[in-house]
Amino acid sequence: AQKVTQAQTEISVVEKEDVTLDCVYETRDTTYYLFWYKQPPSGELVFLIRRNSFDEQNEISGRYSWNFQKSTSSFNFTITASQVVDSAVYFCALKRGSNYKLTFGKGTLLTVNP
Amino acid sequence: EADIYQTPRYLVIGTGKKITLECSQTMGHDKMYWYQQDPGMELHLIHYSYGVNSTEKGDLSSESTVSRIRTEHFPLTLESARPSHTSQYLCASSGSYEQYFGPGTRLTVT
């Protein structure tokens, strides 16, 4: 069975602070894909990144960075110098290599205060 | 980037009414999905389709039904709306990997 755990239900930071959102996954598959989505107050889920199980390179995109570690089954997301516009619910998700459905975590509500 | 559209964005309707939530995508994706979500909460997959004339129930039991007559169109119907159906409904489509989501329909049944 697959499972995604986002242990942090809510995080509150002050603008310009760095913040890391944790994601731990469980799967027996050797081929799988991990994703992060952002859901701002408007409600739409916005795709941020995909990593496959064979690529453990960390990724950086502007103020966003992702740390994928198979040894700890984690795919953590860091926002550097957070901004108020980063306030949203962030979801981590897992996809089996042979399946098109996503298993989502329960999400982390990030509030960035000015 | 996928273009996926949902109408209406907001709907307030009385108990017992029949409603159809529309979802269309212009990317030619074979796979389409419907999720139910209370604001800021977990996403629950209620229906999915891997192609025309193919529909399956998702992980969460739902009284809604779907159809997939055209690749680009995946409407969801509630024959008789109830207050327990009040929620946000998100439609998504995908190729081989990530799913792309529409803006959602916020349904309120009074």
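Just so it is clear, none of the values below were taken in a lab; they were calculated from the coordinates. Treat the numbers as computed from the prediction; the structure is a model and nothing was measured. Heads up, the Cβs are rebuilt from the backbone with ideal geometry, glycines too, and the neighbour counts pull from every protein chain shown.
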Is one or more of the residues making up segment A:82-92 within 9 Å of chain B (Cβ to nearest Cβ), buried (at least 20 other Cβ atoms within 10 Å of the Cβ), touching a strand residue (DSSP E or B) at 6+ places or on another chain (Cβ under 6 Å) and closer than 24 Å to B:Leu90 by Cβ? yes
Take the residues in segment A:45-57 that are more than 8 Å from chain B (Cβ to nearest Cβ) and surrounded by 15 or more Cβ atoms within 10 Å (Cβ to Cβ); name whichever of them is nearest to A:Thr111 (Cα to Cα). A:Leu48
Here is a list of conditions, (1) closer than 22 Å to B:Leu60 by Cβ; (2) part of a strand (DSSP E or B); (3) out of contact with any Asp or Glu (no Cβ under 8 Å at 6 or more places or on another chain), and A:Phe75 meets all of them except one; can you say which number that is? (1)
Only one residue in B:Glu63, B:Glu42, B:Glu79 is in contact with a helix residue (DSSP H, G or I) (Cβ under 8 Å, 6 or more places away or on another chain) and of a type in the set (Asp, Glu). Which one? B:Glu63
Please determine, by comparing only the residues of segment A:21-44 that are surrounded by fewer than 14 Cβ atoms within 10 Å (Cβ to Cβ) and either out of contact with any strand residue (DSSP E or B) (no Cβ under 8 Å at 6 or more places or on another chain) or β-branched (Val, Ile, Thr) (or both), which one is nearest to the other protein chains (Cβ to nearest Cβ). A:Ser42
